Amino acid sequence: MTEKTRSDSQPGKGSPILEVKDLGVKFWVSDEWWTAAEHLDYTVNAGEVLAIVGESGSGKSQSSMSLLGLLPSNGRATGSAVLNGTELIGMPPERMQGVRGNDISVIFQEPMTALNPVYTAGYQIVETLRVHLDIGPSEAKERALELMRLVEIPDPEDRFHSFPHQLSGGQRQRIMIAQALACQPKLLIADEPTTALDVTVQAEILKLMRELKSKLDAGIILITHDMGVVADMADRIIVMRAGQVVETGTAEEIFYRPQHPYTRQLLDAVPHLGAGTEGEVFGSSLDDVESSSFRHAEEGEVDPHHDGSRDSLGTKHAGSATVAEGGANRTDDLDAESRELAEAGQPDHHIEMDSTETFYHPGSQADFSKPSALQLRDAAIEYPASGRKKAFRAAHHINLMIAPGEVVGLVGESGSGKTTIGRAALGLLPTVEGDMVVNGTSIKGLSNKQMRPLRKEVGIVFQDPGSSLNPRLPVGESIGEPLYLHEGMKGPELSRKVEELLTAVELPTSMRNRYPHELSGGQRQRIGIARALTLRPKLLIADEPTSALDVSVQAKVLDLFEGLQKEYGFACLFISHDLAVVERIAERIAVMRHGYLVEIGKSSQVVSNPVHPYTQRLLSAVPVPDPTEQRKRREARDAVLEATTNA
Amino acid sequence: MSTNNDNQNALALDEVRDNAIESKETEGLSQGKIVLRKFLRHKGAMISIIVLVLVAVFAFSAQGIAGLPGWWKYSHTASGQVLNPGGAPTWSFSNLFSLGEHPFGQDEIGRDNFARVMKGTQISIIVMFIIGAVCLIIGTTVGALAGYYRGWIDSVLMRITDGFIILPVIVVGSILGVLVGGSSGPMLGLALGCILWTGLARLVRGDFMSLREREFVDSARVAGASDFRIMFKHMLPNAMGVIIVNTTLIMSQAIVLEASLSYLGFGIQPPGISLGQLISEYQTSFATRPWLFWWPGLFIIIIALCVNFIGDGLRDAFDPRMKTIPSWRKMKKAERMAQKGAK
Amino acid sequence: MIRFILRRLLSTALVLLVVTFVLYLLLNVALDFFWDLRSSTSPNIEALYESRRRLLDLDTPAVIRYFKWLAGVGGCAIGQCDFGIAWKSGQEVTDQLQGAIVNTIKLITASTIVAIILGIAVGMISAIRQYSGFDYFITFVSFLLYSLPVFWVAVLLKQYGAIDINNFINDPTFDSWWPIIIVCAAMGLFWMGALGGNGKRRVITFSAATLITFATIYYILASSWLQHPSIGVVGVIIIGLGAAVVMTYLSTGLKNRRVLYASLTTAAIGALLFMPLQYLFYYVEMNWLWMTGLLIVAIAVAIGVGLAFRGPDPWDTARTTSFTAIIVAFLIFADRVLQGWQDYSNDPAINNRPIATIGASAPNIDGDFWITNLDSFTHLLLPSIALILISFASYTRYTRGSMLEVMGQDYIRTARAKGLNERTVIMRHALRNALLPLASVVPVDIITMIGGAVITETIFGWNGMGKLFIDSMRQAELDPVMAYILITGLLSIIANLVADFLYAVLDPRIRVNA
């Protein structure tokens, strides 16, 4: 039945699929209508990506969900949305069920929770197929496997029988995409499809979506807050703020000639990778990838810190980063090409992807004789065993030093052990091997009690400002607690100090009596910073301090942070997954992978001249908020991705 | 836990948007005040509190307590002349409504049933609160220690709770009831409190385990707080919801348990008096003097039901997921109005 | 996984050992072994005390006596159980236990199964209709049930559920029509709330439910069904076809004609077999082995029918037909049991008061398989209701809470976004996940149920473990009390183990990780 309508009205390339006029979404909250979005007008054409961009609370998600009738029961949609001649708003639920998953399908943000944990990946794809198409189980399975191959899942026959928790984040998102594509929808809504993923996985998914876009000829609505992703994918862009459309236009218009001040502000706020580096960022063009091998070859010989043993390793298993020549006419068999080159015995001294040795850029070799705020000497850190769970070693053989007053960025993807190091430096996790020296004192093996006097000199800012403040205490009390505990400060003296700190983080002093839930994310993070700085620590651990914040808020918090760092002069270990943020804030960058420190060097060295293939992969995967540049980078990225995926 | 909450919200509104709405509702209030406000809005719980307080005031004032005399003219021990045939209740609808001498009736030796039920209610309420208090103290302490320290302390404490959970409470209760025996309500309360705390301990332990992973606990430790301060200043207030709600629910179980034990003859025994004991004493006379059976039973149910509803109200109030329930009727009305306006 | 279960088993067994030890010592202090001698005026009172002391070995320290007791119990491992004796009656505890264990398990199993099924169904509907009148009503009822003391309910059940019903069966006259009208309207409201829908649908549901209830009551009264109840071939056909439709609706939806026709066929086959089975029942002496065999045959036939209809998902069809077959089989069984009603009721031991209030079976009843069963059902009826009322509430609340939690999850939104209909979203995606945590509630609830059985058995004179415990406590007989504690403890360990196992089987996350 649905098949028939499709063939009748098969849209040609570029013809409008969805026309939205004056769409609005309202919620019934505390006995009144509360507008989440209004006056949306847009058209989605076949084979085109329309990006709806906005920060949290802009109504971007809700307006798209209203197309499918997936609003919660207290939500109402008004206006009109016509999909190939069918009005979607106000469609009775029975008919809407025929549209969902068939004509319009959705890719959700969180692949972990968006797939049903008790059914296999294959079953969930088959289910979608069989709801809409009249096919038997074996045919459906065939098609599901085809789809899984389409989204490039390794061993589809195996994975078909896997449960979601047995798949990696990227694979889950691929299953999600396969499921969304099952009935060849005319319109695909991708709701923050890569937000929950690591940057390299995000790059893979973006690449996949681009390929599918050209193959499938469906219209795509991409909902995201990430300007880099937008630059990578979008043809046209809608910028939303607080339920209103502030600007629409093509990607070029929005990025190069933004009209609305909010758009401009938004673009300015995005940290731009390579902003602090003279010369180009690695991965800006394909040349980087090609030439990197030769450059490193030379360096490898002159670099005194280069570990000699690695050379022999590298020559045997070359090929990871040697994506090699012929970039201009890059074809799909590039991988094969590079392998050929590797086999031909190119003179490279590179590091293998799985190498666990640390590469020290010149000047970054840890010198433990100098005074330092933090030293990790061949340190290994474990999560202790609890119950039947065995102890888990999250960081191995780390050599790292932070000089007083220096900001070092620690970068890695989830599970790389970067947070582990931060927690160990605070004595929250035990250092089991090597040594951990904080401000000249070894903290290895100290108990909580013995740690207490040392705690004056170390502060921490946590990732989630909502979780790092005690919800039952007024924020003033949270800020003042270290003073009370360490210096016994009380009464008016304490109040004065707390007010001083609030002023320092640019918050009104009246806020001290507020509770965390009354503050916005940015305000909470400022409180978090104030609290960390209460005792004027010599070392500050900042664990993803801005990753939970909207980009415009993030920019402000980073500004504040930089100002305070100059003023207070503390050394800082700045942990983040976002290379652009780290580059902006840190003097040196350390890169972690699977619990090993793989590369460390000056920010400019690491960003423009990475040596470890993983760093290269990481750098090339970061999308930059600039469509033209991103187009160049994309090619380099795809090359690196292909070369290193299975390395 | 918190990730689940977020998922829940994902359908409703963007999370921050959600906060915006929430903070609109809760501007300038501490968590405690928000909980109180939500609780005050819970109709069932409010009615229950009023009823429960009335029952308690009535029971304690009618028979007096600790030597103080009550206002009711009969004592629960004094026998007297049987007025109505069989001692039936004397209230009637002649002259609109009159209570008569013995509104709840009398037993076969002419004791006033109202006096006895009020005295029984007193004792049952006292036992209930003692059980609640004992459970609160033991359960919270054990749960907090096990959840915070984990490791062997946790294992040992949890094996101990296993020991209590392996047998029905009524069985262990019977044995303890016989042991402390006889007519003392408070002693029975203490004994029963010692076996009912296990569920609470498990829940508090779970709560502490998840609170331990929260960053504010780390941040308190980094600030230099001692274990004791972290547990009681930082974690305990955040576990208060679980503790209060479950203590209430334990109390509703407690009153029924006390009644059951007394009914079986292992709880409060004559001359001691409690609601369960009254039913036990009079059950054989159900056919002839049903009022002796109905009244104490009714009071047990009223008290237990009220406590249950209060617990439910508290649970909703402490649950961060529970927002004010949107009123569908008002929403429909507003929609209709809007449609009319459009036409 | 197996190692994990073994470890748990071992640790709980140790816990049980410690518990028995502590309780043994406590009981030694608590029980008064001379209670019957206290008021004795016998001249040789000293000698009596002395002999009692020797009988119970009270001069030996309690700790040592515990280990003696334990050694006797440990004998079970080599087939020589010695649980001691109940000194007052002089019976061996092992003899007392035999009937008691069976009786208690009989009582608890039936009630648990009914409570779980009802509780899950009602809890699920309550969650789907959150904040509706139905939801509030169910919430209120479950709180009321939480608050009811079992003994109080049991006394009421005895009065109104047995004595008054028996009176009514013997003298079926009504004072007024009001109770019937109220019952009909209440049923109408209940189904209206449960099925929901828009205004028109609600009116239809209400009228239909009211009318059907009224017709049923009218039929029961007019045909004096209560005096000689039976289902009959007509009843089997009607209810069987209805069950086929409902089962199809729940499992695949009525749109799937193939499944619908398959289940209807199954119901029809059941109806066709009705008469032949009557002959079988008449000529062959039945027992439970036969019954089980027949049930297996019925399921096999149903699966055969399901597979014969082929289609893309033969096993989905077979599943639905099997459920239909189980229902039809049950109907035929129930019909045959009810056919003995007249004989049973007229038996002098029953004296036309069929609903029993005391005991597990009527004394002096001679009858075949069917009569014995009928007898045991009439005795099971009231205590089971009392027990069901206790745990029904907790299952309802738990299912409701868990269902609400699941309905807010992302994967439910995904399922909707796929275009699944509401029935599939709820039955396939929500319910399965919502029932997982229930596996951890069941063992706890079974322990509560055993506790509830203590009181229920005492009131209904049901010779089970609970009554044994209470009686022995009253008589200060230590050994049977200890036997009760040990066996109940073992039962709850087994229940926990089964639940752990179920959980692991149902939840792939645990299954695979372990």
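Filtering B:ILE268, B:ILE255, B:ILE279, B:ILE243 for residues that are without any contact (Cβ under 8 Å) to a residue 24 or more places away in the chain, open to solvent by less than 10 Å² (accessible area, probe 1.4 Å) and either away from chain A (no Cβ under 14 Å) or under 22 Å from the mean Cα position of the chain (by Cα) (or both) leaves a single hit, B:ILE279.
Checking B:THR288 against (1) farther than 24 Å from B:THR198 by Cα; (2) at the interface with another protein chain (Cβ under 9 Å from one of its Cβ atoms); (3) not small (Gly, Ala, Ser), only one condition comes out false. Which one? Just one mismatch for B:THR288, condition (2). Restricting the search to helices (runs of 4 or more DSSP H) fully inside segment C:340-432 and requiring at least 1 residues that are within 14 Å of chain A (Cβ to nearest Cβ) gives C:369-407, C:410-417.
Among all residues of segment C:202-216, there is at least one that is modelled with pLDDT of 85 or more, open to solvent by 70 Å² or more (accessible area, probe 1.4 Å) and among the charged types (D, E, K, R).
C:THR357 meets the stated requirement of being open to solvent by 20 Å² or more (accessible area, probe 1.4 Å) and in contact with a Lys or Arg (Cβ under 8 Å, 6 or more places away or on another chain). Within the set C:SER472, C:SER492, the sole residue that is facing another protein chain (nearest Cβ under 10 Å), open to solvent by less than 20 Å² (accessible area, probe 1.4 Å) and closer than 23 Å to C:VAL22 by Cα turns out to be C:SER492.
For A:TYR119, state whether it is aromatic (Phe, Trp, Tyr) and in contact (Cβ under 8 Å) with a residue 12 or more places away in the chain. For A:TYR119, the condition - aromatic (Phe, Trp, Tyr) and in contact (Cβ under 8 Å) with a residue 12 or more places away in the chain - is met. Screening C:SER230 with (1) small (Gly, Ala, Ser); (2) open to solvent by less than 40 Å² (accessible area, probe 1.4 Å); (3) modelled with pLDDT under 85 gives one miss only, at (2).
When the helices (runs of 4 or more DSSP H) confined to segment C:35-113 are screened for residues that are touching a Gly at 6+ places or on another chain (Cβ under 7 Å), those reaching at least 1 such residues are found at C:62-74. Taking segment A:101-218 as the region of interest, the helices (runs of 4 or more DSSP H) fully inside it that hold 2 or more residues being open to solvent by less than 30 Å² (accessible area, probe 1.4 Å) are A:111-114, A:121-132, A:137-150, A:169-181, A:199-216. For A:ARG236, the stated conditions hold: it is farther than 16 Å from A:ARG633 by Cα, of a type in the set (D, E, K, R) and at pLDDT 90 or above. I need the full set of residues from segment A:523-537 which are surrounded by fewer than 21 Cβ atoms within 10 Å (Cβ to Cβ) and either farther than 22 Å from A:ARG496 by Cβ or among the charged types (D, E, K, R) (or both), in order please. Listed by number, the list holds a single entry, A:ARG536.
It is to be established whether one or more residues within segment A:618-634 are of a type outside the set (Ser, Thr, Tyr), within 19 Å of the chain's Cα centre (by Cα) and closer than 22 Å to A:HIS396 by Cα. Yes, segment A:618-634 contains at least one residue that is of a type outside the set (Ser, Thr, Tyr), within 19 Å of the chain's Cα centre (by Cα) and closer than 22 Å to A:HIS396 by Cα. Consider segment A:439-477 and keep the residues that are more than 10 Å from chain B (Cβ to nearest Cβ) and open to solvent by less than 20 Å² (accessible area, probe 1.4 Å). The one that is farthest from A:PHE561 (Cα to Cα) is A:ILE443. For segment B:197-240, which positions are facing chain A (nearest Cβ under 9 Å), among the β-branched types (Val, Ile, Thr) and in contact with a Lys or Arg (Cβ under 8 Å, 6 or more places away or on another chain)? The answer is B:VAL222, and nothing else. Scanning segment C:318-328 for residues that are touching a residue at least 40 places away in the same chain (Cβ under 8 Å), open to solvent by 30 Å² or more (accessible area, probe 1.4 Å) and aliphatic (A, V, I, L, M) turns up just one, C:ILE327. Test B:SER183 against the stated conditions and say whether it is at pLDDT below 90 and more than 8 Å from every other protein chain (Cβ to nearest Cβ). Spelling it out, B:SER183 is indeed at pLDDT below 90 and more than 8 Å from every other protein chain (Cβ to nearest Cβ). I'm checking my understanding of the structure. Among residues of segment A:360-383 that are in a loop (DSSP other than H, G, I, E, B) and open to solvent by 80 Å² or more (accessible area, probe 1.4 Å), which one is modelled with the highest pLDDT? Restricting to residues being in a loop (DSSP other than H, G, I, E, B) and open to solvent by 80 Å² or more (accessible area, probe 1.4 Å), the top hit is A:PRO371. Kindly indicate whether any position in segment C:85-101 is within 14 Å of another protein chain (Cβ to nearest Cβ), of a type in the set (Phe, Trp, Tyr), farther than 30 Å from C:LEU380 by Cα and buried (at least 16 other Cβ atoms within 10 Å of the Cβ). No, segment C:85-101 contains no residue that is within 14 Å of another protein chain (Cβ to nearest Cβ), of a type in the set (Phe, Trp, Tyr), farther than 30 Å from C:LEU380 by Cα and buried (at least 16 other Cβ atoms within 10 Å of the Cβ). Highlighted here are the helices (runs of 4 or more DSSP H) found entirely within segment B:1-93 that include at least 3 residues which are within 14 Å of chain C (Cβ to nearest Cβ) and modelled with pLDDT under 70: B:2-12.
Just one of the listed residues (A:MET489, A:MET436) is touching a residue at least 40 places away in the same chain (Cβ under 8 Å) and either farther than 17 Å from A:GLU382 by Cβ or more than 10 Å from chain B (Cβ to nearest Cβ) (or both), and it is A:MET436. The lone criterion from (1) more than 12 Å from chain B (Cβ to nearest Cβ); (2) open to solvent by 30 Å² or more (accessible area, probe 1.4 Å) left unmet by C:PRO480 is number (2). Restricting the search to segment B:220-270, which residues are closer than 25 Å to B:LEU305 by Cα and among the charged types (D, E, K, R)? Listed by number, the list holds a single entry, B:GLU258. Taken together, the criteria exclude A:ASP134 from residues that are of a type outside the set (A, V, I, L, M), more than 11 Å from chain C (Cβ to nearest Cβ), out of contact with any helix residue (DSSP H, G or I) (no Cβ under 8 Å at 6 or more places or on another chain) and more than 16 Å from C:HIS429 (Cβ to Cβ).
Scanning segment C:156-174 for residues that are surrounded by fewer than 20 Cβ atoms within 10 Å (Cβ to Cβ), within 14 Å of chain B (Cβ to nearest Cβ) and under 30 Å from C:PRO437 (Cβ atoms) turns up nothing.
The values are calculated or read from the model by the stated rules, or taken from the named source; none is laboratory data. Source: prediction; values computed, not measured. Virtual Cβ from ideal backbone geometry, glycine too; neighbours counted across all protein chains shown. Each accessible area value is taken on the protein alone, full model and side chains, heavy atoms only, with ligands, DNA and RNA left out. Shrake-Rupley method; radii C 1.70, N 1.55, O 1.52, S 1.80 Å.
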